[in-house]
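The structure under discussion appears below in the form of structure tokens.
What follows is calculated from the coordinates using simple rules that are stated; it is not laboratory data. Here the structure is a predicted model, which means the values were calculated and not measured. Ideal geometry is used to build each Cβ from the backbone, glycine not excepted, and the neighbour counts take in all protein chains shown.
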Amino acid sequence: MATTKNYDGLELRGSSISYFTGKMENYFRLKGIPYRLESMVFPKEEERNKKVLGISQMPTVQLPDGRWMTDSTKMIEWFEGAYQDNPIVPSDPVQAFVCFLLEDWADEWWWRPAMHYRWFYEEGARFASGHLAREVMGGLHLPLFVKRAMLRRRQRNGYTCGDGIGPEAVAGVEADVEALFSQLEGIFSKRRFLLGDRPTLADIGFSGPFFRHFALDPIPLQLLRHAAPNTLEWVMRLWNSSPASAVGSLVDGVPDDIRALLMHTARGYLPYLNANVEAVRRGDSHFTATVDGVTYQGARSSQYRVWCLDELRRHYRELEQSDSAKLEPLLRETGIWEPLWAADGLPLLKDQESRLPFWGDSKMTKVNE
Ligand SMILES: N[C@@H](CCC(=O)N[C@@H](CS)C(=O)NCC(=O)O)C(=O)O
């Protein structure tokens with residue numbers, strides 16, 4: 001795809017089947033912020049990304065004034081400041097914290113199962129390797145079948161087998177996804193969006209794993225059609241939302257079905273974050289941990305996810321005392337509290353990620369890159 005030089009809106013660079021590119025598209029559509037999606041072409045754009053942003057990942061956004069941005073979470077935070085109509089973070093501070101937590105869980109935990117379904121199964125790998133080889137590898141002068149083989153190898157070594165999903169973990173990872181589908185199905189058979197009649201940041205977070213993975217890749221899509229048709233409808237309802245349609249009220253407080261999601265987060269993701277903290281502290285590039293009954297053998301350590309835990313803590317610390325007094329019992333009852341604060345002295349880099357969304361210090365699944 002050629003870039004139209006005189007386009008004066010936002011340019012979103014990524015891929016039309018990428019997790020975080022899909023998340024940003026859902027966000028821009030919901031807010032009514034015009035953007036143009038362009039495919040990121042490798043290896044050419046990788047060097048440019050590193051130069052202008054410190055790291056290369058998908059997607060990036062270029063503002064009309066030429067500045068480059070990265071990291072969906074911090075970009076959304078930035079755009080919420082710049083486009084203040086129809087805020088997607090609830091005004092109730094307890095619900096707002098729930099949104100930050102669910103967004104982080106959606107970004108960081110469901111990434112691995114999403115990659116598993118795409119790259120472990122032949123149906124997914126055939127579709128995604130063909131698509132990506134054509135879409136983003138135009139800069140490499142190699143036969144198509146070689147590009148496809150390179151992609152499969154890279155993604156499996158980086159994100160599935162190479163990120164802790166060995167043969168012994170497959171059944172547990174898939175059961176975890178099925179449990180999520182069943183919880184969400186319960187919610188979307190009653191409500192239009194996670195917290196009520198209009199989308200919030202929590203819905204945008206979950207558009208990451210769902211829009212371009214679970215509701216697109218052959219195996220999870222088939223599961224959704226049969227086990228969670230209301231959830232599949234929610235994926236499209238969110239995509240089809242705009243400032244004009246996204247009206248309606250939110251639920252009061254935090255309903256039991258959302259508490260159940262928090263308990264799910266407390267069982268798997270937060271213990272995993274703590275195991276990751278210890279691995280980063282030791283300087284290990286990989287680690288093995290059993291969380292929620294599943295053993296991830298040789299998961300990749302992530303400097304970025306140390307910062308994710310710190311961000312969750314920051315959101316809590318920034319609350320007024322009267323609000324944190326309301327949130328603490330919820331976090332204790334759902335099992336979040338203990339793992340949220342379990343690790344002392346997080347091994348962060350100096351000023352880590354303080355320049356996001358305009359500069360990143362680390363990528364999602366690497367130690368100190
Ligand atoms: N935290 C980042 C994560 C972005 C990310 O990891 N994107 C994936 C593609 S969807 C990527 O570019 N991974 C880097 C790689 O595969 O080298 C965000 O929220 O934007």
Among Phe28, Phe211, Phe79, the residue with the largest mean-square fluctuation in a Gaussian network model of the chain built from Cα contacts under 10 Å is Phe79
Around Asp107 (Cβ within 14 Å, Cβ-to-Cβ, excluding Asp107; K/R +1, D/E -1) the net charge comes to -2
The exposure ranking of Leu101, Leu132, fewest beta-carbon neighbours within 10 Å first, is Leu132, Leu101
Can you tell which of Phe214, Pro255, Trp307 lies farthest toward the positive end of the dipole of the stretch 90-349, using +1 and -1 charges on the Cβ of basic and acidic side chains (Lys, Arg; Asp, Glu)?
Phe214
Phi to ³J(HN,Hα) by Karplus 6.51 cos²θ - 1.76 cosθ + 1.60 over the stretch 336-345, Hz, x for Gly, Pro:
7, 3, 4, x, 5, 10, 4, 7, 9, x
Whole-Hz Karplus ³J(HN,Hα) for the stretch 278-289, in order, using 6.51 cos²θ - 1.76 cosθ + 1.60 and θ = phi - 60°, x for Gly and Pro?
5, 5, 5, 4, 6, x, 7, 7, 9, 8, 10, 8
Answer with one residue from Tyr83, Met58, Leu101: the one whose Cα lies farthest towards the positive end of the charge dipole of the stretch 1-106, charges on Cβ with Lys, Arg +1 and Asp, Glu -1.
Met58
Report the Stokes-Einstein translational diffusion coefficient (µm² s⁻¹, integer) for the stretch 90-349, Rh taken as the Kirkwood radius over Cα pairs, at 4 °C with viscosity 1.567 mPa s.
66 µm²/s
For the stretch 153-237, run through the trypsin sites (Lys or Arg not before Pro) and keep only the ones in DSSP coil with at most 16 other Cβ atoms within 10 Å of their Cβ.
Lys190
Fluctuation leader among Glu25, Glu318, Glu122 - the chain, Gaussian network, Cα springs under 10 angstrom:
Glu318
How big is the dipole moment of the chain about its Cα centre under a simple scheme where the beta carbon of each Lys and Arg is +1, that of each Asp and Glu is -1, and everything else is neutral? Debye, nearest 20, please.
1400 debye
Starting from the amide H of Gly166, placed 1.01 Å from N in the peptide plane, find each other amide H under 5 Å away whose residue is 5 or more places distant or on another chain.
Gln297
With θ set to phi - 60° and the Karplus curve 6.51 cos²θ - 1.76 cosθ + 1.60, what are the ³J(HN,Hα) couplings of the stretch 226-234 in order, to the nearest whole Hz, using x for Gly and Pro?
8, 8, 8, x, 5, 5, 5, 5, 4
If you build the convex hull over the alpha carbons only and average its shadow over all orientations, what do you get for the stretch 264-357? Give it in nm² to one decimal.
6.9 nm²
Net charge near Ser324: determine it from the other residues with C-beta under 10 Å of the C-beta of Ser324, scoring Lys and Arg +1 and Asp and Glu -1.
-2
Taking the Cβ-Cβ separation of Ala149 and Glu311 as r and a Förster radius of 56 Å, what is the calculated FRET efficiency to the nearest 0.05?
0.90
Using modelled amide H (1.01 Å from N, peptide plane; none on Pro or chain starts), what sits under 5 Å from the amide H of Thr334, excluding residues fewer than 5 places away?
none
Part-to-part distance (alpha-carbon centres) for the stretch 137-196 and the stretch 281-343, which is given in Å
22 Å
If you wrap the stretch 1-89's Cα atoms in a convex hull and average its projection over all directions, what's the area in nm²?
5.8 nm²
So what is the 222 nm mean residue ellipticity for the chain from helices alone, if each DSSP H run of at least 4 adds -39500 (n - 2.57) and you divide by all residues, rounding to the nearest 500 deg cm²/dmol?
-17000 deg cm²/dmol
Filter the trypsin sites (Lys or Arg not before Pro) in the stretch 271-361 down to the DSSP loop ones having no more than 12 other Cβ atoms within 10 Å, then list what survives.
Lys350
Under the rule a/c < 1.5 gives rounded, and otherwise a/b versus b/c splits prolate from oblate, where does the stretch 45-107 land using the Cα gyration tensor?
oblate
Rounded to one decimal in nm, the spacing of the 7 Å Cα→Cβ label points at Tyr121 and Glu318 is 3.9 nm
With 28 Å as the limit, write out which pairs from Lys326/Lys366; Lys23/Lys147; Lys23/Lys363; Lys50/Lys74; Lys50/Lys350; Lys74/Lys366 have Cα-Cα distances beyond it, or answer none.
Lys326/Lys366
Per the Kirkwood definition applied to all pairs of different Cα atoms, how many angstroms is the hydrodynamic radius of the stretch 235-306?
15.2 Å
